[in-house]
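Below: the structure, in structure tokens.
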Amino acid sequence: MGIHIGLAGWGDQDRLYGPGIKAKDRLREYANHFPLVEVDSTFYAIQSKERFAKWTEETPETLHFIVKAYQGMTGHQRGPAAKDNDPAAMFGAFRESLEPVIEAGRLQAALFQYPPWFDCTRENVRILCEARLRMAGIPCALEFRHQSWFAPEYREKTLAFMEAEEWYHSVCDEPQAGVGSVPTVLRATHPEVTVVRFHGRHTAGWNQSSAPNWRDVRYLYRYSSEELREWADMLRQLEEQSKQVCVIFNNNSGGDAADNAKEMMAMLGLLRPDGRDPQEPKEEPKPPEYEQLDLF
């Protein structure tokens, strides 16, 4: 119950980890800081069931997962890259991979983020219905990147459709940079869960997908304390509409996500899963102690 805050990914969150934390131990250490994590590697390749079992077994029960749907399932792949995609096989493999997390009761949602060219059309509504049917029995969150879904003439219809199909609403904070971005719509579409994802507000870098370092540029943003305070009030509004609000900071490019997430936790009076203050300074390794020897 309540508001839960985490980050998109854990491997590159260097500010969380001391120098002695090995890569294989990072998720376990991450779980001391946050109760929620978004698994992004699944967007690029469906992970094995065994890998999810390992992640689940090696972390405490306090850590819950939002798992991003594979790019072939959401239409990000087009042309030659998509010619061999078999929807039944992709969805089947994805569902199977989630089984260990589901059995442990620790899957918060599968996140279906659709691309900027996925606009509000009859055919795309059909695609969403088919995806939800293939994921029957598994909680799913839906995030749009095309502005048309929330255009004045479609906004209420979109929200009603999501409610009828039992999609969790993935509310976005992102730059308002043309049709390939959506406004923040503070409406829950399911009484159980609402997802909120912070992508930053770097307007100039949002649509530079042709640039070689576009991912580094796109999510390069540090939220100010004033911006976070505004959002703290909005998160409380969403909390009145659904039992849980799951917040993911995705502004990772400059290492700002962890700091912003911890600041937001402090504003909301939330503690880390290990019971400590979220903004408590990281413990520095103690210098070695040497035994003092007498001269004689």
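The values are calculated or read from the model by the stated rules, or taken from the named source; none is laboratory data. Fair warning: this is a prediction, and the values are worked out from it, not measured in the lab. Reconstructed Cβ throughout: ideal geometry from the backbone, glycine too, with neighbour counts over all protein chains shown. Protein only, heavy atoms only, side chains kept; ligands, DNA and RNA dropped before computing areas. Shrake-Rupley method; radii C 1.70, N 1.55, O 1.52, S 1.80 Å.
Would you confirm whether or not the range 20-31 contains a residue that is in contact with a Ser or Thr (Cβ under 7 Å, 6 or more places away or on another chain), among the β-branched types (V, I, T) and open to solvent by 40 Å² or more (accessible area, probe 1.4 Å)? Checking the range 20-31: not a single residue is in contact with a Ser or Thr (Cβ under 7 Å, 6 or more places away or on another chain), among the β-branched types (V, I, T) and open to solvent by 40 Å² or more (accessible area, probe 1.4 Å). All of R95, R132 fail the test of being basic (K, R), in contact with a strand residue (DSSP E or B) (Cβ under 8 Å, 6 or more places away or on another chain) and touching a residue at least 24 places away in the same chain (Cβ under 8 Å), apart from R132.
Determine, yes or no, whether R51 is touching an Asp or Glu at 6+ places or on another chain (Cβ under 7 Å), open to solvent by 60 Å² or more (accessible area, probe 1.4 Å) and either at pLDDT 95 or above or assigned to a helix (DSSP H, G or I) (or both). Don't jump to the end; show me each part of the working.
Working: touching an Asp or Glu at 6+ places or on another chain (Cβ under 7 Å): no; open to solvent by 60 Å² or more (accessible area, probe 1.4 Å): yes; either at pLDDT 95 or above or assigned to a helix (DSSP H, G or I) (or both): yes.
No; evaluated as a whole, the condition is false for this residue.
Taking the condition of being part of a strand (DSSP E or B) and either acidic (D, E) or touching a helix residue (DSSP H, G or I) at 6+ places or on another chain (Cβ under 7 Å) (or both), how many residues in the range 55-71 meet it? Show your work before the answer.
Initially, the range 55-71 is screened for residues part of a strand (DSSP E or B), giving 64-68.
Right, trim to either acidic (D, E) or touching a helix residue (DSSP H, G or I) at 6+ places or on another chain (Cβ under 7 Å) (or both) and you get 65, 67-68.
Looking only at that region, the number is 3.
Output the residues belonging to the range 193-208 that are among the hydrophobic types (A, V, I, L, M, F, W, C) and modelled with pLDDT of 80 or more. It would help to see each step written out before you state the result.
Going residue by residue through the range 193-208, those that are among the hydrophobic types (A, V, I, L, M, F, W, C) are 193, 195-196, 198, 204, 206.
Within the range 193-208, V193, V195, V196, F198 qualify.
Of the listed requirements (1) more than 20 Å from L238 (Cβ to Cβ); (2) free of Cβ contacts under 8 Å to residues at least 60 places away in the same chain; (3) part of a loop (DSSP other than H, G, I, E, B), G180 misses just one: (2).
Residue by residue, here is whether (1) surrounded by fewer than 19 Cβ atoms within 10 Å (Cβ to Cβ); (2) at pLDDT 70 or above; (3) not in a helix (DSSP H, G or I) holds:
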| residue | (1), (2), (3) |
| --- | --- |
| S210 | yes, no, yes |
| E230 | yes, yes, no |
| D233 | yes, yes, no |
| K262 | no, yes, no |
| L271 | yes, yes, yes |
| Q279 | yes, yes, yes |
| P288 | yes, no, yes |
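Of all residues in the range 49-64, those that are in contact (Cβ under 8 Å) with a residue 12 or more places away in the chain have Cβ atoms under 6 Å from Cβ atoms of residues that are β-branched (V, I, T), 6 or more apart or on another chain, in F52/V101; T56/V101. Residues that are farther than 30 Å from A257 by Cα and open to solvent by 30 Å² or more (accessible area, probe 1.4 Å) number at least 1 in the following helices (runs of 4 or more DSSP H) confined to the range 74-174: 87-97, 122-134, 155-164.
For the range 235-260, the candidate set comprises residues that are open to solvent by 20 Å² or more (accessible area, probe 1.4 Å) and not in a loop (DSSP other than H, G, I, E, B); within that set, the residue that is nearest to W10 (Cα to Cα) is D259. The residues of the range 175-202 that are over 27 Å from I138 (Cα atoms), hydrophobic (A, V, I, L, M, F, W, C) and either within 16 Å of the chain's Cα centre (by Cα) or loosely packed, with under 15 Cβ neighbours inside 10 Å (or both) amount to a single one, V179.
Considering only the range 134-158, state which residues are under 26 Å from N207 (Cβ atoms) and either in contact with an Asp or Glu (Cβ under 6 Å, 6 or more places away or on another chain) or not charged (D, E, K, R) (or both). Lay out the reasoning, then the answer.
Of all residues in the range 134-158, those under 26 Å from N207 (Cβ atoms) come to 141-155, 158.
Selection gives A141, L142, F144, H146, Q147, S148, W149, F150, A151, P152, Y154, T158.
Per the conditions (1) more than 30 Å from F118 (Cβ to Cβ); (2) modelled with pLDDT of 95 or more; (3) surrounded by 14 or more Cβ atoms within 10 Å (Cβ to Cβ), the sole criterion not satisfied by L16 is (2).
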